[in-house]
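S.K.: The structure follows.
The values are calculated or read from the model by the stated rules, or taken from the named source; none is laboratory data. Just so you know, these numbers come straight off a predicted model, no measurement behind them. Cβ placement follows ideal geometry from the backbone for every residue including glycine, while neighbour counts extend to all protein chains displayed.
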């Protein structure tokens, strides 16, 4: 049994490994603003076209496989399932390192790695963990989440998609909507109604093959110009019982685990992602716009950064609890609400800094490219449960306040 490396040793080894394979991020951009050492450089923050996403997928899969092969694919995961068995601090240190290099990143795998994989880790059988977790963390399989329906958004218990048992398999029919990444996914975690009642005890979770006969995925175009969401139709789709997650009728508990992880994942920045909350990036934006001496802009910037730091500290507390084996609780809703609030603040701040330059594509650095962020900000109030529903959750399940009469 080899001894655990110190965090410093691990970081040095990881930095060397990355440096051998990937070029460093450029130290300056078109505006001439020099980035500070170790800053979180922004890759791209305009939503990609679905075709472009599909074209980028092979590189992302190769990136994940290379990480897995060299022990960086699941640094804090249990050794029994292929993980590195190291503390969460090692994982965070590696994520910070990747931001210094031009790596493909994991932004397309947030649902796979941040939501579905942890759910399987908590509710799946040992066989399912041994089979699915290495595939998800290595990028061999990509997962999506099939929860919301046209008539069941915030009220998830009202899902109408039905799964009927047929021997050692289930036949599923229904429609799901607002499914992020369904056009890229190999499998989907789906919640179905498997009995007439009672409410919350009549749902079951499964892993469905997204390329099985009867599965149809259609993109939903957003006002940002992107199509990250989809509607999914399931017409008598067969799912083996071996792909059932948890007991029959226990789907509500599985769904709550996934939603808890979703709210935490939405409230954090995945490594290799856009980095739109980077302090250095925002400072560069203000300077490039010639607003660094504007007292109103400076005050708005200070308030935005303060809120971002508060959200980060909250995430750190919840990450420590997760590392200790605790399931996400209702307080995870705080992460998601903080994200939607901060996206709103960011959009307003950027609009105030740029003014008309936000809507005119002149090709200048840090101008029109922010349009996608500004237009996408309102949608964060809906994803992972609407802010209104989550505030009710916090009021009732965290603060112990009574339900409205």
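S.K.: Out of the residues in the stretch 151-173 meeting the condition of being over 19 Å from residue 245 (Cα atoms) and touching a residue at least 12 places away in the same chain (Cβ under 8 Å), tell me which one is surrounded by the fewest Cβ atoms within 10 Å (Cβ to Cβ). Even if it seems obvious, please write down each step before you answer.
M.R.: At the first step, the residues of the stretch 151-173 found to be over 19 Å from residue 245 (Cα atoms) are 151-155, 158.
Filter once more, so that each one left must be touching a residue at least 12 places away in the same chain (Cβ under 8 Å): 153-154.
On the way: 153: 17, 154: 13.
Applying the filter and picking the extreme gives 154.
S.K.: State whether one or more residues within the stretch 141-158 are out of contact with any helix residue (DSSP H, G or I) (no Cβ under 6 Å at 6 or more places or on another chain) and over 30 Å from residue 391 (Cα atoms).
M.R.: no
S.K.: May I ask you to verify whether residue 262 is crowded, with 17+ Cβ neighbours inside 10 Å, at pLDDT below 90 and touching a strand residue (DSSP E or B) at 6+ places or on another chain (Cβ under 9 Å)? Spell out the reasoning first.
M.R.: Values: crowded, with 17+ Cβ neighbours inside 10 Å: yes; at pLDDT below 90: yes; touching a strand residue (DSSP E or B) at 6+ places or on another chain (Cβ under 9 Å): yes.
The answer is yes for residue 262.
S.K.: I would also like to ask the following. Between 108, 117, 76, which is free of Cβ contacts under 8 Å to residues at least 60 places away in the same chain and under 30 Å from residue 191 (Cβ atoms)?
M.R.: Details: 108 fails: free of Cβ contacts under 8 Å to residues at least 60 places away in the same chain; 76 fails: free of Cβ contacts under 8 Å to residues at least 60 places away in the same chain.
Exactly one residue qualifies, and that residue is 117.
S.K.: To continue, here is another question. Looking for something at pLDDT below 95, outside the structural domain of residue 358 (by TED's automatic domain parsing), under 20 Å from the mean Cα position of the chain (by Cα) and within 27 Å of residue 186 (Cα to Cα) - is there at least one such residue anywhere in the stretch 37-44?
M.R.: yes
S.K.: Another question about this same structure. Given 148, 138, which one is buried (at least 16 other Cβ atoms within 10 Å of the Cβ) and within 15 Å of residue 74 (Cα to Cα)? It would help to see each step written out before you state the result.
M.R.: Working: 148 fails: within 15 Å of residue 74 (Cα to Cα).
Unique residue meeting the criteria: 138.
The rows are residues; the columns are (1) within 22 Å of residue 375 (Cβ to Cβ); (2) crowded, with 17+ Cβ neighbours inside 10 Å; (3) at pLDDT 85 or above.
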residue	(1), (2), (3)
288	yes, yes, yes
292	no, no, yes
301	yes, yes, yes
318	no, yes, no
331	no, yes, no
335	no, yes, no
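S.K.: So for the stretch 53-62 (the condition being surrounded by 18 or more Cβ atoms within 10 Å (Cβ to Cβ), outside any loop (DSSP other than H, G, I, E, B) and at pLDDT 90 or above), does at least one residue qualify? Give the derivation first.
M.R.: Applying the first criterion (surrounded by 18 or more Cβ atoms within 10 Å (Cβ to Cβ)) to the stretch 53-62 yields 53, 60-61.
Now restrict to residues that are outside any loop (DSSP other than H, G, I, E, B): 53, 60-61.
Subset that is at pLDDT 90 or above: 60-61.
Within the stretch 53-62 (the criterion being surrounded by 18 or more Cβ atoms within 10 Å (Cβ to Cβ), outside any loop (DSSP other than H, G, I, E, B) and at pLDDT 90 or above), the answer is yes, since at least one residue qualifies.
Conditions (1) at pLDDT 95 or above; (2) surrounded by 19 or more Cβ atoms within 10 Å (Cβ to Cβ); (3) in the same structural domain as residue 64 (by TED's automatic domain parsing), marked per residue:
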{"position": "106", "(1), (2), (3)": "no, yes, yes"}
{"position": "109", "(1), (2), (3)": "no, yes, yes"}
{"position": "115", "(1), (2), (3)": "no, yes, yes"}
{"position": "191", "(1), (2), (3)": "yes, yes, no"}
{"position": "213", "(1), (2), (3)": "yes, no, no"}
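One line per residue, one yes/no per condition, for (1) under 27 Å from residue 379 (Cβ atoms); (2) touching a strand residue (DSSP E or B) at 6+ places or on another chain (Cβ under 8 Å); (3) at pLDDT 95 or above:
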position: 136; (1), (2), (3): yes, yes, yes
position: 148; (1), (2), (3): yes, yes, no
position: 171; (1), (2), (3): no, yes, yes
position: 186; (1), (2), (3): yes, yes, yes
position: 198; (1), (2), (3): no, no, no
position: 224; (1), (2), (3): yes, no, no
position: 227; (1), (2), (3): yes, yes, no
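S.K.: Sticking with this one: What do you reckon, is residue 247 part of a helix (DSSP H, G or I), at pLDDT 75 or above and more than 20 Å from the chain's Cα centre (by Cα)? Walk me through how you get there before you give the answer.
M.R.: Working: part of a helix (DSSP H, G or I): no; at pLDDT 75 or above: yes; more than 20 Å from the chain's Cα centre (by Cα): yes.
Taking the combined requirement at face value, the residue does not satisfy it.
S.K.: Sticking with this structure for a sec: What is the residue count in the stretch 137-156 for residues that are under 15 Å from residue 210 (Cβ atoms) and in a strand (DSSP E or B)?
M.R.: Filtering the stretch 137-156 down to residues under 15 Å from residue 210 (Cβ atoms) leaves 140-147.
Add one more test, that the residue is in a strand (DSSP E or B), and what stays is 143-146.
Residues that pass the stated criteria total 4.
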